[in-house]
Structure formats: C-alpha cells, structure tokens
Amino acid sequence: MRKKYAAGNWKMNKTFEEGQILLSEVVNMVNDEMNNPNVHVILGVPFPYLSSFTKLVNSSKVSIAAQNCHPKPSGAYTGEVSVQMLKSVGVKYVIIGHSERREYFGESDAFIAEKVDAILAEGLTPIFCCGETLAQREAGIHFDFVCGQLTNSLFHLSAEALQKVVIAYEPIWAIGTGVTASSAQAQEMHKILRDHLASKYGQTVADEISILYGGSVGAGNAVELFSQPDVDGGLVGGASLKSRDFTDISKSFP
Ligand code: PEP
C-alpha cells in the first residue's frame, strides 16, 4: 500500500515563537487524534527553525521538511543551504521545485534535477513539485507540460532511486487562490502522471510512488480529494498555518 502524506508548507510565515506554538499544537493534536499508521505528517518550515524543530518533534508521526536546498555540498554560494547542512540538523524531507521557486527564482527543470540527486545522495526524501499554469490548462497542453516536468527532472533516476521520491502535483492556478482543482481534475492528472511513470519504469514501480495534490487544500475538501484512487495526500500551504485545520486534513484519509 502506498504511503499517504499530509505535508504542510509554511512558506515565509510565522516568527520563531509563533512557529514553536504552531508546531507543538500540531504535534499534540496529531499524536492524540491521528491514528492511521499509513499516514505521515510533514511540516515544511523556514530554514532558521529547522535545527530546533527537528529536536522538538516528539512524534514518530511527524517529520520536519526544508522548503528548498542547493544541490552543491558546500562552497561559494552565498545565502544558500546544502543538503548536507539540512541532514546535519535532522531534516528528513526537502520540498523542491515549488512553483514559487520556479517563478520568482528562475529555477529550471535541470537545476531541480540536480537537487533531486543531491537529496537522494544524502538519504533524504525529495518532495518534488510540478504543475501547470492556467494558460497552459486552457491551451490544453497541461498533461504534456507536467509529464515533461517529470521527464526532465526525474527520468534520469534508476527505478530504485525514483521510488524514494514523493511527487506533489500543484496546479499553479489553485495555489493560494482558494480555487481547488476538482477531485476529478486532480484524479485525472494524478492518473496521467502515474501512467507516465509506468511508461518508463513499469506499473509496479509507478504504483509505489506517492503523488500528493496541492492547491487550496483545506479541511473542507481534503476528504473528497484524498478519496481519489491516485491521490495520496496533500501538500498544504495556507491551511497548514492553522493547527486545527491541518490536523483535520491529516485525518481526512479513507
Ligand atoms: C502550496 O504553496 O504548496 C500550496 C498548495 O498553497 P495553498 O494550499 O495555500 O494553495
């Protein structure tokens, strides 16, 4: 059975003190209320909080993620953070290829592929984000575009390496807009992505890969989205900043 995830992306929100409160609320609620052994909760928090938060999490149900990394192990890359550094403070997951990084920081598929390699080489798990713009969807090129993102950043991997990647499909038009893809739209794209993985790696490998949906997931729509056969959970922005909502999302799996 594929692993299911409720992954939060705090983005550039919360002071350290506010973050500590949110973290402890989420960990306590998840510990008390979320009893599905196949679901794992991930919190993607700002870099300065990682070292302390990995130590504060006293739950096997919750892990801390970084929201980005640099692919080089060390060197003259002012302001950047390597996977080795993340690993040294106990981080287990790294979100990469988020549309905000692609758009505002010009990250290419090739650069994201380098990050995938660096993360896997250190034994951490990449949460690889992909997704189309509204214009691409309206032009009918969304399936090809998102499959292309997978091809460009993941298809150099061996089957063994690919199975360590978590994919997050996040239509850009649904991120932070309050407009969610319908459960049918999410399922349609997830199935196409899984078929695309199967075309290169075979169905058995493709069936092992967790594909999360992201884009205005909330406590009110998570049950329907997560009940789709190819939707293995969510990457959650805004609603991950509210402990009650995010815990409810983590309890929304069938
Ligand atoms: C995100 O940024 O990954 C995201 C899905 O944000 P939101 O849930 O706020 O749409």
Which residues, taken from segment 229-246, are under 14 Å from the mean Cα position of the chain (by Cα) and not in a helix (DSSP H, G or I)?
-> 231, 232, 233, 234, 235, 236, 237
Return the only residue of 209, 249 being away from the ligand (no atom under 16 Å from the Cβ), within 22 Å of residue 95 (Cβ to Cβ) and either touching a residue at least 12 places away in the same chain (Cβ under 8 Å) or hydroxyl-bearing (Ser, Thr, Tyr) (or both).
-> 209
In this structure, does residue 242 turn out to be within 13 Å of the ligand (Cβ to nearest atom), surrounded by fewer than 20 Cβ atoms within 10 Å (Cβ to Cβ) and charged (D, E, K, R)?
-> yes
List pairs: first in segment 90-112 and without any contact (Cβ under 8 Å) to a residue 24 or more places away in the chain, second within 12 Å of the ligand (Cβ to nearest atom), Cβ under 7 Å, 6+ apart or cross-chain?
-> 107/97; 107/101
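From the list 134, 120, which residue is under 22 Å from residue 42 (Cα atoms) and in contact with a helix residue (DSSP H, G or I) (Cβ under 6 Å, 6 or more places away or on another chain)? It would help to see each step written out before you state the result.
On the way: 134 fails: under 22 Å from residue 42 (Cα atoms).
Just a single option satisfies the conditions, and that option is 120.
Without any contact (Cβ under 8 Å) to a residue 60 or more places away in the chain and in a loop (DSSP other than H, G, I, E, B), is that true of residue 217? Show your work before the answer.
Values: without any contact (Cβ under 8 Å) to a residue 60 or more places away in the chain: yes; in a loop (DSSP other than H, G, I, E, B): yes.
So residue 217 passes the test.
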What tally of residues in segment 110-140 results from selecting those that are within 23 Å of residue 188 (Cα to Cα) and assigned to a helix (DSSP H, G or I)?
-> 5
Return the pairs, sorted by first residue and then second, in which the second residue is at pLDDT 95 or above and not hydroxyl-bearing (Ser, Thr, Tyr), the first residue lies in segment 5-28 and is surrounded by fewer than 17 Cβ atoms within 10 Å (Cβ to Cβ), the beta carbons are less than 6 Å apart, and the residues are 6+ apart or on different chains.
-> 13/241
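Please tell me if residue 41 is at pLDDT 95 or above, under 23 Å from residue 238 (Cα atoms) and part of a strand (DSSP E or B). Reasoning before the result, please.
Numbers: at pLDDT 95 or above: yes; under 23 Å from residue 238 (Cα atoms): yes; part of a strand (DSSP E or B): yes.
Yes.
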Number of the exception - residue 63 against (1) in a loop (DSSP other than H, G, I, E, B); (2) surrounded by 15 or more Cβ atoms within 10 Å (Cβ to Cβ); (3) polar (S, T, N, Q) | (1)
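Test of understanding: among 14, 115, 72, which residue is within 16 Å of the ligand (Cβ to nearest atom) and at pLDDT 95 or above? Please lay out each step first, then the result.
Values: 115 fails: within 16 Å of the ligand (Cβ to nearest atom); 72 fails: within 16 Å of the ligand (Cβ to nearest atom).
Only one candidate qualifies: 14.
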With respect to residue 78, is the statement that it is touching a Gly at 6+ places or on another chain (Cβ under 8 Å), surrounded by fewer than 20 Cβ atoms within 10 Å (Cβ to Cβ) and of a type in the set (S, T, N, Q) true?
-> no
Can residue 48 be described as in contact (Cβ under 8 Å) with a residue 12 or more places away in the chain, over 16 Å from the mean Cα position of the chain (by Cα), farther than 26 Å from residue 163 by Cβ and surrounded by fewer than 15 Cβ atoms within 10 Å (Cβ to Cβ)?
-> yes
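Among the residues of segment 152-186, how many are of a type in the set (Ser, Thr, Tyr), assigned to a loop (DSSP other than H, G, I, E, B) and crowded, with 21+ Cβ neighbours inside 10 Å? Outline the logic, then answer.
Taking segment 152-186 first, the residues of a type in the set (Ser, Thr, Tyr) are 153, 158, 169, 177, 180, 182-183.
Those still in the list that are assigned to a loop (DSSP other than H, G, I, E, B) too: 158, 177, 180, 182.
Of the ones still in play, those that are also crowded, with 21+ Cβ neighbours inside 10 Å are 180.
Within segment 152-186, residues that are of a type in the set (Ser, Thr, Tyr), assigned to a loop (DSSP other than H, G, I, E, B) and crowded, with 21+ Cβ neighbours inside 10 Å number 1.
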Residue 189 passes all but one of the listed conditions (1) at pLDDT 95 or above; (2) within 16 Å of the ligand (Cβ to nearest atom); (3) assigned to a loop (DSSP other than H, G, I, E, B); the exception is number (3)
So residue 172 fits all but one of (1) within 16 Å of the ligand (Cβ to nearest atom); (2) closer than 19 Å to residue 210 by Cβ; (3) touching a helix residue (DSSP H, G or I) at 6+ places or on another chain (Cβ under 6 Å); what number is the exception?
-> (2)
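The values are calculated or read from the model by the stated rules, or taken from the named source; none is laboratory data. These numbers come from a predicted model, not from an experiment. When we count neighbours, we look across all protein chains shown, and the Cβ atoms used for this are built from the backbone with ideal geometry, even at glycine.
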